[in-house]
Ligand SMILES: Cc1cc2nc3c(=O)[nH]c(=O)nc-3n(C[C@H](O)[C@H](O)[C@H](O)COP(=O)(O)OP(=O)(O)OC[C@H]3O[C@@H](n4cnc5c(N)ncnc54)[C@H](O)[C@@H]3O)c2cc1C
Ligand SMILES: Nc1ncnc2c1ncn2[C@@H]1O[C@H](COP(=O)(O)O)[C@@H](O)[C@H]1O
């Protein structure tokens, strides 16, 4: 069994969001980068659990410049076996997905896992695109994944409920909360990660279908209106008359 | 040229988020001087289909195939791709709900049509086709230009008010070429959260944090939610401690909600929590600590003990509703 986990690098959740170059570029000054939480906590950890129970091999892939290497090394330290970095910097989902699919076609993975979404670009897009480009069925926003022989059983979120689905491998899956519990890398993992293979591959030529023309910050909140705990009727009145939400 | 909108249904009812997409798509069609066609999969009543006209669709393609009552998203992609061709659609609109998140990206890759996922405004077509969306978990916006000939936009749920007009839509049966072999994913069980308002569709959400001390205290929160007709939610430590079910966890690593009103009770307002709720139109914070960071993100606040304030608030809401 071979599993590919797609790893992206995102600013730490507490990072200050600011833009430079006339609001066309995210300011990385002083920003700490982490593995996108959905990729690490759910997709990667579930893949590692399957590695332990089913004797699977876990490959990692990231599309990004050399500055993504600390993040991919951390994913190796958690237990990935081998990593690939496609040396290209892009925020076009189709471009990124095409790179991942091009690699996947040469490796015959049984399962391709992505996170539900990146917490910076919030596309929820790359998993489905990779599935389509690699010719695999796609189960999106899955909160549970079990594998029995060549069948995967999953739970996925739908409006107002949950579905249980079955699909034959190979399959592409986007992972969310529920699929696994976060792990912390140990010293042995960190040491081992230093010598695990990290191959840099050249990107394939594909068109970009979107481009960011500018970023904006939301207008500042007007400030909170405080109401006395002894006058909750006032709050109800404000919610009705001023905010018009009840 | 036309605009095609996927209007997805659940148990025979068009989802509210889908109505938002239909209305959005109709406005895009107006902007482009063309017509909006909605597509519906599965068994749905004639009235329900025709009602899409009130949200701006001039035509509804209906695939009345019982196999599509529950959505196998791969089959959905195949059918919509066929409809795109039939209707000569250049812009395809989805809701950025669970089914949209599954289908839109697959369709994007199949048609080589650039996708903006989670749009919060109509496209600006003065120079290209630029769509605004949230980035950095709602802490900023990006304006994204779609440069491909065909374009896909998915609309962030609860962003646009849906307003029924008086339009009518012609319903047309559509028989795409699908076979049993296309159903690669077998849906073996569907569980609905019945009786309650589904969190991601709710207009009002009442949410509790560690400040409520334990699961046995959730009654006061549920009473308030009930009085308001709200869904209930919680912070991550609350779900992690199994005080509340996991599907109530909102924030960076849980659900994102953007109701009209979010009431936060005993939640400190950590940045990871805010990331999942800061799109709410109005935020009310009830916390005994005046320094709690949540107050900075709130519209209205009460500094006080939840155990005293919340029951009083519930009574006040009941009194107001009784009028
Ligand atoms: C990568 C990452 C992702 C995360 N993702 C999420 C996420 O998705 N969602 C999430 O919620 N958190 C998330 N967290 C955790 C987050 O940082 C906070 O720890 C968490 O939100 C705090 O939950 P809380 O507000 O319920 O508890 P606390 O921070 O303990 O706050 C409790 C609050 O209750 C108040 N209080 C106490 N008693 C009373 C009373 N009697 N009446 C009124 N108020 C009272 C206190 O003043 C305090 O403000 C994440 C953290 C990390 C690092
Ligand atoms: N640059 C990248 N390299 C590898 N995987 C990525 C990259 N960007 C996103 N992904 C994967 O795709 C998922 C969804 O990303 P997105 O569509 O941007 O929300 C992420 O959770 C990752 O698993």
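We did not get these values from a lab; they are worked out from the coordinates using the rules stated. Just so it is clear, the model here is predicted, and its values are computed rather than measured. For neighbour counting, all protein chains shown are included, and Cβ atoms are generated from backbone atoms with ideal geometry for every residue, glycine included.
At-a-glance table
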quantity	calculated
Principal axes of chain B: Cα extent on each, largest first, Å	61, 44, 41
Helix axis angle, A:45-54 relative to chain A longest principal axis, alpha carbon, degrees	30 degrees
Test item: B:263-271 mean partner chain Cβ contacts at 10 Å	1
Per principal axis, descending, Cα span of segment B:73-184 in whole Å	44, 36, 27
Value at 222 nm in deg cm²/dmol, rounded to 500, when DSSP H runs of n ≥ 4 in chain B each add -39,500 (n - 2.57)	-8000 deg cm²/dmol
Kirkwood-based shape ratio for the protein assembly as shown, expressed as Rg/Rh from alpha carbons	0.96
Residue B:47 versus residue A:200: modelled label distance in nm, points set 7 Å from Cα along the beta carbon direction	6.6 nm
As computed over segment B:169-266, the Cα convex hull volume per residue (Å³)	181 Å³
Exposure proxy ranking, count of Cβ atoms within 10 Å, fewest first, for A:92, B:90, B:305	B:305, B:90, A:92
Ellipsoid equivalent to segment A:49-89 - semi-axes via the Cα gyration tensor, in Å	23, 10, 5
Most mobile of B:300, B:24, B:262 in a GNM of chain B (Cα contacts under 10 Å)	B:300
Scaled radius of gyration (Cα, divided by 2.2 N^0.38 Å) that chain A gives	1.18
Measure of compaction for segment B:39-93 (Cα Rg per 2.2 N^0.38 Å)	1.15
Fluctuation leader among A:119, A:184, A:61 - chain A, Gaussian network, Cα springs under 10 angstrom	A:184
Largest-first principal axis extents, alpha carbons of segment B:249-319, Å	34, 26, 20
Histogram of C-alpha separations across segment A:79-142, 10 Å bin width, %	20, 54, 26
Most mobile of B:312, B:15, B:78 in a GNM of chain B (Cα contacts under 10 Å)	B:312
For segment B:70-121, fraction of C-alpha pairs farther apart than 12 Å, in %	63 percent
Three-way shape call for segment A:163-246 based on the alpha-carbon gyration tensor, with the a/c threshold at 1.5	prolate
As computed over segment A:23-99, the Cα convex hull volume per residue (Å³)	109 Å³
Alpha-carbon centroid distance for the pair segment B:1-71 / segment B:143-221, whole angstrom	14 Å
Pairs of alpha carbons in segment B:1-114 whose separation is greater than 25 Å (percent)	10 percent
Segment A:96-228 - convex hull of the alpha-carbon atoms, volume per residue in Å³	242 Å³
Percent of Cα-Cα distances greater than 16 Å, calculated over segment B:183-239	53 percent
Three semi-axes of the equivalent ellipsoid, segment B:104-247, Cα gyration tensor, whole Å, largest first	37, 23, 18
